[in-house]
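Asker: The following block contains the structure, expressed as structure tokens.
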Amino acid sequence: MKQHMKIRGINVVYDDYGSGETIVFIHGQPFNRSMWDPQVAAFKSSYRLIVPDLRGYGESEIPAGITLLDELALDIIHLLEALKITKATFVGLSMGGQVVFELYRLAPHLCNALVLADTDAKGESAQSYQARLQLSKDLVEKGMSFYTDQHLHQFLGKTTMAEKPAVVADLRHMMVATNPLGASLVQRGRAERRDHTLMLPDIHCPVLIVVGEEDGFTPVAVAKGMQEHIKHAQLVVIKDASHMPNMEQPEIFNRHLELFLQGIK
């Protein structure tokens with residue numbers, strides 16, 4: 001159910017469903033908590049689900065300055081503390097996965113397990129750093145409709161674009177509805193993100209890595225590279241999906257997530 005809480009000076013909106021072991025779903029950019037609707041429907045009767053809009057996105061407040069990934073992780077840590085949740089499985093996609101890495105760095109004691117979907121532990125290269133700064137500027141100057149028209153097809157696979165118009169429409173609406181300033185502030189902060197590759201061997205909780213077979217942002221090779229460095233990490237490659245497998249192939253994504261969750265009980 002929709003809730004809101006003042007966290008570190010920002011009004012954060014989140015959904016709180018069900019009871020039992022806690023799963024925290026962390027959305028990517030430029031999306032909001034509704035991207036997890038297929039997972040909420042599947043898991044809310046068996047688990048407690050915490051699904052926030054990150055600061056600057058969805059219904060949460062836009063901050064006054066640059067938003068580092070550390071800030072997004074700290075918001076979630078404070079939210080869980082206020083809710084008296086001491087352990088959770090964190091599911092993050094894309095930027096959400098990068099926030100999960102920050103959560104593990106800052107508060108490993110909170111992490112029952114991690115699910116890293118279509119994400120990358122590496123920091124920015126010199127080239128991608130400059131591209132991130134340019135994107136931050138473009139989002140404000142050109143707007144979300146322009147960005148969506150240019151990049152929507154990169155988030156979704158060929159099968160999805162051709163055969164799943166409802167998924168395409170949902171993602172388009174989510175992207176266009178995102179506040180360009182909020183997204184810009186996070187993109188500026190993401191340019192400064194840490195490289196977590198050296199931390200991977202020190203992750204000591206169960207880890208599931210998920211990637212869409214057609215993902216061009218974080219290809220299968222990137223997911224396999226993370227698996228090689230995280231002890232006992234599981235890897236699932238989802239066919240007919242790109243960067244949003246939880247929306248493109250929700251039944252398959254949910255089945256693998258449920259198997260993982262059952263395996264760590």
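The values are calculated or read from the model by the stated rules, or taken from the named source; none is laboratory data. If you're wondering where the values come from, they're calculated on a predicted model, not measured in any experiment. Using ideal geometry, Cβ is built from the backbone for each residue, glycine included, and neighbour counts are taken over all protein chains shown. We work out accessible area using only protein heavy atoms, side chains counted, and drop any ligands, DNA or RNA first. Shrake-Rupley method; radii C 1.70, N 1.55, O 1.52, S 1.80 Å.
Asker: Filter the stretch 73-120 for residues that are part of a helix (DSSP H, G or I), out of contact with any strand residue (DSSP E or B) (no Cβ under 9 Å at 6 or more places or on another chain) and more than 22 Å from Gln39 (Cα to Cα) and give the result.
Answerer: Listed by number, the residues that qualify are Glu81, Glu102, Arg105, Leu106, Pro108, His109.
Asker: I'd like the full set of residues that are open to solvent by less than 10 Å² (accessible area, probe 1.4 Å), of a type outside the set (Ser, Thr, Tyr) and over 11 Å from the mean Cα position of the chain (by Cα), limited to the stretch 48-71.
Answerer: Leu49, Ile50, Gly56, Leu69 - these are the residues of the stretch 48-71 that are open to solvent by less than 10 Å² (accessible area, probe 1.4 Å), of a type outside the set (Ser, Thr, Tyr) and over 11 Å from the mean Cα position of the chain (by Cα).
Asker: Filter the stretch 172-222 down to the residues that are free of Cβ contacts under 8 Å to residues at least 60 places away in the same chain and among the small types (Gly, Ala, Ser) and list them by number.
Answerer: Of everything in the stretch 172-222, those that are free of Cβ contacts under 8 Å to residues at least 60 places away in the same chain and among the small types (Gly, Ala, Ser) turn out to be Ser184, Ala221.
Asker: Okay, moving on. If I filter the stretch 156-165 for residues that are under 18 Å from the mean Cα position of the chain (by Cα), at pLDDT 95 or above, in a helix (DSSP H, G or I) and over 19 Å from Ala131 (Cβ atoms), do I get at least one hit?
Answerer: Taking every residue of the stretch 156-165 in turn, none turns out to be under 18 Å from the mean Cα position of the chain (by Cα), at pLDDT 95 or above, in a helix (DSSP H, G or I) and over 19 Å from Ala131 (Cβ atoms).
Asker: Same structure, new question: So in the stretch 1-47, with the set limited to residues that are assigned to a helix (DSSP H, G or I), under 15 Å from Glu258 (Cβ atoms) and free of Cβ contacts under 8 Å to residues at least 60 places away in the same chain, which one is most open to solvent (accessible area, probe 1.4 Å)?
Answerer: The qualifying residue most open to solvent (accessible area, probe 1.4 Å) is Ala41.
Asker: Can you tell me which residues in the stretch 129-171 are farther than 23 Å from Ser34 by Cα and in contact (Cβ under 8 Å) with a residue 60 or more places away in the chain?
Answerer: Within the stretch 129-171, just Tyr129 meets the criteria.
Asker: Test Leu152 against the stated conditions and say whether it is in contact with a helix residue (DSSP H, G or I) (Cβ under 9 Å, 6 or more places away or on another chain), farther than 18 Å from Val220 by Cα, open to solvent by 20 Å² or more (accessible area, probe 1.4 Å) and modelled with pLDDT of 95 or more.
Answerer: no
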